[in-house]
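Written below as structure tokens is the structure these notes are about.
The values are calculated or read from the model by the stated rules, or taken from the named source; none is laboratory data. Keep in mind it's a predicted model, so treat the numbers as computed, not measured. Heads up, the Cβs are rebuilt from the backbone with ideal geometry, glycines too, and the neighbour counts pull from every protein chain shown. Please note that ligands, DNA and RNA were not included when accessible areas were found on the heavy atoms of the full protein model with its side chains. Shrake-Rupley method; radii C 1.70, N 1.55, O 1.52, S 1.80 Å.
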Amino acid sequence: MAKDAGDFFAIWRSLLQQWDTKANETLTKVTGQESFSREVNRAMALNLQMQAAFNEAVDKALVALNMPSRADVARLAEQLNSIERKLDALKAPAPSETPAARKAARPSRTRKPPGEGGSS
Amino acid sequence: MNATPEALQIDRLRQEVARAIQRNVKGWEYLTSVGKAGGVSKRTLIEKRGTMNLYRYDALATEVYRTPILFVMATSNPAYVFDLLPDQSLIEFMLKRGHDIYLLDWTAPTAGERTLRLEDYVLGFIPDSIRIIQDETDEDQVSLVGYCMGGVLSVIYAALHSPGPIRNLACFTTPFNFSQFGAWNQWADPRYFDVDQVVDTLGYFPPEMFVASVDMLRPVSRVTATLQLWDNLWNDEFVKTKRALDKWSADTLPLAGEYFRQTMKDIVIDNGLYHGTLKVGGRRVDVGEIKAPFLHAVAEHDHIVPYAVARELVERVGSTDKEEVVLKGGHVSLVAGPSAIKRMWPKLDQWLAPRSI
């Protein structure tokens, strides 16, 4: 700090760092209180209740309109993925992608650490 | 020749004026471009199963160590923090040092995967990946390297499969004594936080909630970080790394509902991993069963997984060859950025190399 004396820019940076530390300390004393946890979680629970009610209403509306829900589309996507995986498994690998070719193309597994005769 | 204090002050002022001009020029560039991050090393996706993605990296050395390494990423974030930018990639560093690298990475779980449980990760994804690697490399043993919650999954796997195929186990900032989280324990107090309501309503744990809870650990740090970014706008390297890490942080993933419910109840609230009461697939998890050489790298200034949460893991694992290193840095700067390049990466290489032959 002594070498920074009189250096406005260094002082500003140091003050910024100190402000960060102090402000975080002060605010985490508030956020770390039981009452903070209780109120934040109460607000979140209320939000989730509203969301659940909204989801249920949307699901009922979609059924009434004879339209697929997000869950139905997700199930379809999952089934398509499953079919794609099966098709991929049926495809013959390219000659360079066979397990034997891949193993042959890889470097030898004989490396030693620098101190034990290996290169660094 | 010693310059006078006045001359030094003038030099300093000149430097700051030059930086101020650069800030204006580069500030415009910053606002009109997008950050780039992730996946600089050449790799192949060798197994994909929903949220699970197993990658094999192309070797960068003509001769590699015998034991392959499987990196296991935390389930909350994508793994490109290991492979952030050219010359700022842990994966690239380890490949150049002659290690054979595989990576278990995660994408957002699909709606059909909301029922995934710890068992799916620990008794499914990890052992299946190890079997694939054993088959590819013709090696019986694999080293596991886990980061944060990836470390927890690796520890549980290793405890349930001892001695098993694990040659070495290295963990970064891996939580163990979950009662020491402080504010997070308060927010997850079951009297107020209803994990069942979250999972039953949403089916997953939203990334926004996770990011908000991390931000609340240091409520003003985003403001400070923005001011520090402005201060360093003249410095291309600083800006590049900051943008890449910000992008990574914004790419936080949702967590599968049942996996989150089980983690919260059995690991966080009951502290079951620490007390030895956690059961996965009907089997009790005892970290004392781990016998493989063990390294735990923790960060001195980690506010996400504070040292008190991670500290006792090394004491409790049953390995005789075990070590804990406390390195300068925070939760993320331990694995990525200039501090990691100087400290953790060389340590990991030096620890693994003699144990990988």
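Being at pLDDT below 95, in a loop (DSSP other than H, G, I, E, B), more than 26 Å from B:Ile130 (Cβ to Cβ) and not small (Gly, Ala, Ser) is the filter here, so list the residues in the range B:149-207 that pass it.
Within the range B:149-207, B:Phe181, B:Asp189, B:Pro190, B:Arg191, B:Tyr192, B:Phe193, B:Asp194, B:Pro206 meet the criteria.
Here is a check on your reading of the model: is B:Val305 touching a His at 6+ places or on another chain (Cβ under 7 Å), under 30 Å from A:Asp20 (Cα atoms) and among the β-branched types (Val, Ile, Thr)?
Values: touching a His at 6+ places or on another chain (Cβ under 7 Å): yes; under 30 Å from A:Asp20 (Cα atoms): yes; among the β-branched types (Val, Ile, Thr): yes.
The answer is yes for B:Val305.
Could you grab me the full set of residues in the range A:86-114 that are assigned to a helix (DSSP H, G or I), within 8 Å of another protein chain (Cβ to nearest Cβ) and open to solvent by 80 Å² or more (accessible area, probe 1.4 Å)?
Listed by number, the list is empty, since nothing qualifies.
Are any of the residues in the range B:81-90 open to solvent by 10 Å² or more (accessible area, probe 1.4 Å) and within 30 Å of B:Asp270 (Cα to Cα)?
No, the conditions are met nowhere in the range B:81-90.
Do you know which residues across the range A:61-71 are more than 10 Å from chain B (Cβ to nearest Cβ), surrounded by 11 or more Cβ atoms within 10 Å (Cβ to Cβ) and assigned to a helix (DSSP H, G or I)?
In the first step, residues of the range A:61-71 are kept if they are more than 10 Å from chain B (Cβ to nearest Cβ); the result is A:61-69.
With surrounded by 11 or more Cβ atoms within 10 Å (Cβ to Cβ) added as a condition, the list becomes A:61-63, A:68-69.
The answer is A:Ala61, A:Leu62, A:Val63.
Taking the condition of being hydrophobic (A, V, I, L, M, F, W, C), farther than 23 Å from A:Ser108 by Cα, in contact with an Asp or Glu (Cβ under 8 Å, 6 or more places away or on another chain) and not in a helix (DSSP H, G or I), how many residues in the range B:69-104 meet it?
1
The conditions are (1) away from chain A (no Cβ under 12 Å); (2) part of a helix (DSSP H, G or I), and B:Met216 fails exactly one of them. Which is it?
The one condition B:Met216 does not meet is (1).
So how many residues does the range B:268-290 have that are open to solvent by 20 Å² or more (accessible area, probe 1.4 Å) and assigned to a strand (DSSP E or B)?
3
Every residue in the range A:21-35 that is open to solvent by less than 50 Å² (accessible area, probe 1.4 Å) and under 27 Å from the mean Cα position of the chain (by Cα), please. Let's see the steps before the verdict.
First, pick out the residues of the range A:21-35 that are open to solvent by less than 50 Å² (accessible area, probe 1.4 Å): A:23-24, A:28, A:31-32, A:35.
Passing the criteria: A:Asn24, A:Thr28, A:Thr31, A:Gly32.
Would you pick out the residues in the range B:248-267 that are surrounded by fewer than 20 Cβ atoms within 10 Å (Cβ to Cβ), more than 12 Å from B:Phe205 (Cα to Cα) and touching a Phe, Trp or Tyr at 6+ places or on another chain (Cβ under 9 Å)?
Residue satisfying the conditions is B:Asp251 alone.
Looking at this structure, is B:Glu136 open to solvent by 10 Å² or more (accessible area, probe 1.4 Å), at pLDDT below 95 and either under 23 Å from the mean Cα position of the chain (by Cα) or within 14 Å of chain A (Cβ to nearest Cβ) (or both)? Talk me through it step by step, then tell me what you get.
Details: open to solvent by 10 Å² or more (accessible area, probe 1.4 Å): yes; at pLDDT below 95: yes; either under 23 Å from the mean Cα position of the chain (by Cα) or within 14 Å of chain A (Cβ to nearest Cβ) (or both): yes.
For B:Glu136, the condition - open to solvent by 10 Å² or more (accessible area, probe 1.4 Å), at pLDDT below 95 and either under 23 Å from the mean Cα position of the chain (by Cα) or within 14 Å of chain A (Cβ to nearest Cβ) (or both) - is met.
Within 14 Å of chain A (Cβ to nearest Cβ), open to solvent by 10 Å² or more (accessible area, probe 1.4 Å), out of contact with any helix residue (DSSP H, G or I) (no Cβ under 7 Å at 6 or more places or on another chain) and not basic (Lys, Arg) - does that describe any residue in the range B:155-174?
No; the residues of the range B:155-174 include none that is within 14 Å of chain A (Cβ to nearest Cβ), open to solvent by 10 Å² or more (accessible area, probe 1.4 Å), out of contact with any helix residue (DSSP H, G or I) (no Cβ under 7 Å at 6 or more places or on another chain) and not basic (Lys, Arg).
Can you tell me which residue is least open to solvent (accessible area, probe 1.4 Å) among those in the range A:36-49 that are at the interface with another protein chain (Cβ under 10 Å from one of its Cβ atoms) and aliphatic (A, V, I, L, M)?
By that ranking, first place goes to A:Leu48.
Those residues that are part of a helix (DSSP H, G or I), more than 8 Å from chain A (Cβ to nearest Cβ) and open to solvent by 60 Å² or more (accessible area, probe 1.4 Å), I need them from the range B:224-247; list them, please. Quick ask: steps written out before the conclusion?
Applying the first criterion (part of a helix (DSSP H, G or I)) to the range B:224-247 yields B:224-231, B:236-247.
Next, from what is left, pick out any that are more than 8 Å from chain A (Cβ to nearest Cβ): B:225-226, B:229-230, B:236-247.
Selection gives B:Thr226, B:Trp230, B:Asp236, B:Glu237, B:Phe238, B:Lys240, B:Asp246, B:Lys247.
B:Asn177 - would you say it is open to solvent by less than 30 Å² (accessible area, probe 1.4 Å), touching a Ser or Thr at 6+ places or on another chain (Cβ under 6 Å) and not acidic (Asp, Glu)?
Numbers: open to solvent by less than 30 Å² (accessible area, probe 1.4 Å): yes; touching a Ser or Thr at 6+ places or on another chain (Cβ under 6 Å): no; not acidic (Asp, Glu): yes.
It is false that B:Asn177 is open to solvent by less than 30 Å² (accessible area, probe 1.4 Å), touching a Ser or Thr at 6+ places or on another chain (Cβ under 6 Å) and not acidic (Asp, Glu).
Can you name the condition, by its number, that B:Phe210 falls short on among (1) in contact (Cβ under 8 Å) with a residue 24 or more places away in the chain; (2) open to solvent by less than 50 Å² (accessible area, probe 1.4 Å); (3) in contact with a Leu (Cβ under 8 Å, 6 or more places away or on another chain)?
Among (1) in contact (Cβ under 8 Å) with a residue 24 or more places away in the chain; (2) open to solvent by less than 50 Å² (accessible area, probe 1.4 Å); (3) in contact with a Leu (Cβ under 8 Å, 6 or more places away or on another chain), the lone unmet condition for B:Phe210 is (2).
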